[in-house]
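Every read-out reported here was derived from the displayed coordinates using simple, explicitly stated rules and does not represent laboratory data. Worth saying up front: this structure is predicted, and the values here are computed from it rather than measured. Glycine also receives a Cβ, built like all others from the backbone with ideal geometry; neighbour counts cover every protein chain displayed.
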Amino acid sequence: MKIGVLTGGGDAPGLNAVIRAIVKSSKVKYNCEVLGIEEGFDGLLSPVKVRAMTPWTIRGILPTGGTVLGTTSTINPMEMTKKIDGKEQQVDLSGELKKNVEELGLSGLIVIGGDGTLKIADNLYKLGVPTIGIPKTIDNDIPATDVTFGFQTAVNTATEALDKLHTTAESHHRVIVVEVMGRYVGWIALEAGIAGGADVILIPEIPFQIDQVCKKIVARYEQGSRFSIVVVAEGAKPLGGEMSVIKRSETGYALRLGGIGNKVGEEIGGCTKMDVRVTVLGHIQRGGSPTPYDRILATRFGVAAMDLFAQGRFGEMVCLKGDEICSVPLSEATRGLKFVPADGERVRAAEALGISFGR
Ligand code: F6P
């Protein structure tokens, strides 16, 4: 067996722990070779960018953030833009990719990525490239797994930020609005908001009414809490309104979200007349060392993916159900997004504490 490993899409803490688990278990359990594919699917297009990975070459990467293989958010081999006769045209290079996989002598690929990357992996599998998926994203939006690695580290980072912002907000009697990532779902905002003692949490799944948000902040002020912490998911939107988009992606895959924190901050300033500051946490949530939980989950995913590979169970993705590592067909894994249930237990628990979702 010769295994090709690649990481696609945005990075998430724990990617290197998965790579390490694949490389180590491939040697210890199966004594086979691993080729690391650099720069996502781009590394499998001509000229290929690959390198041999052994337990020696990956030593020390377990606690590191990012990906040692490099990653790219935009490369979809089935929808590449090429200049033909001076004109930009969309071409499908999956045939070239498949040929390169064969020429490299790979028995198949282990693809580590979020929903976009996993969809490509599923399409490649359907075209005859033996592929196994591992879910990854700080957003935790993949429905087929209870949790993705990277999510807990992002929640940790956001919670630490909220703890710090609390002390300065209180000292200055300010409202601090914190915009967090999560794309179209509100998991990071919800969990960091609860863990960090937020007063208001705004998530895409519960369109907010700004007057409800202001009512909460004013009520706190009148009761003697002259500061408030408002956590806003980047995908949050007002009732009847739209998400705040910075840029529409050229590939049509994902919108670049951002700006809602500032809009909410401005409106709160207007209606409460309080001093408001806005902090956008941004990519700090994606960087840094994974938490022990994410290192362990990533390690378990890597070992399980290697086992699926050895059993020839291509077209599947590893996942977590309860405390068990299982697998599901890749096609099922990439169907839709996992949203926060608007009336689920977590949201209700937060509301029971008096946290406002602006509804
Ligand atoms: O999907 C992970 C994520 O960090 C989202 O939370 C965020 O919207 C997006 O990626 C940012 O993407 P980029 O790094 O391309 O700006």
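Below, the figures for the structure above:
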quantity: Relative contact order computed over region 151-287 (Cα-Cα under 8 Å; 6+ residues apart), in percent; calculated: 32 percent
quantity: Entries of 216/237; 83/136; 99/338; 29/126; 49/247; 2/338 with Cα pairs more than 26 Å apart; calculated: 83/136; 99/338; 29/126; 49/247; 2/338
quantity: Spatial separation of Cα centroids for region 172-191 and region 224-300, in angstrom; calculated: 5 Å
quantity: Under 13 Å from the Cα of residue 215 - aspartates and glutamates, other chains or at least 8 residues apart; calculated: 199, 267
quantity: Average Cα contact separation per residue, the chain, under 8 Å, 6 or more apart, as relative contact order %; calculated: 22 percent
quantity: nm² value of the averaged projected area, convex hull over the Cα atoms of the chain; calculated: 19.1 nm²
quantity: Largest-first principal axis extents, alpha carbons of region 128-181, Å; calculated: 61, 17, 14
quantity: Charge-dipole axis of the chain as Lys and Arg at +1 and Asp and Glu at -1 on Cβ define it, positive-most pick from 280, 342, 1; calculated: 1
quantity: D_trans [Stokes-Einstein, Kirkwood Rh over alpha-carbon pairs] for region 151-287, 25 °C, 0.890 mPa s, µm² s⁻¹; calculated: 166 µm²/s
quantity: Protection proxy ranking, peptides 55-65, 227-237, 262-272, 32-42, average beta carbon neighbours within 10 Å, highest first; calculated: 227-237, 32-42, 262-272, 55-65
quantity: Alpha-carbon Rg with Dmax, taken over region 21-97, Å; calculated: 16.1, 51
quantity: Distance between region 320-336 and region 22-95 - C-alpha centres, whole angstrom; calculated: 23 Å
quantity: Axial C-alpha extent at least 30 Å, average Kyte-Doolittle at least 0.5 - helices from the chain (DSSP); calculated: none
quantity: Fraction of antiparallel bridges per DSSP, the chain only, in percent to nearest 5; calculated: 35 percent
quantity: Region 169-222: radius of gyration over Cα atoms, expressed as a fraction of 2.2 N^0.38 Å; calculated: 1.19
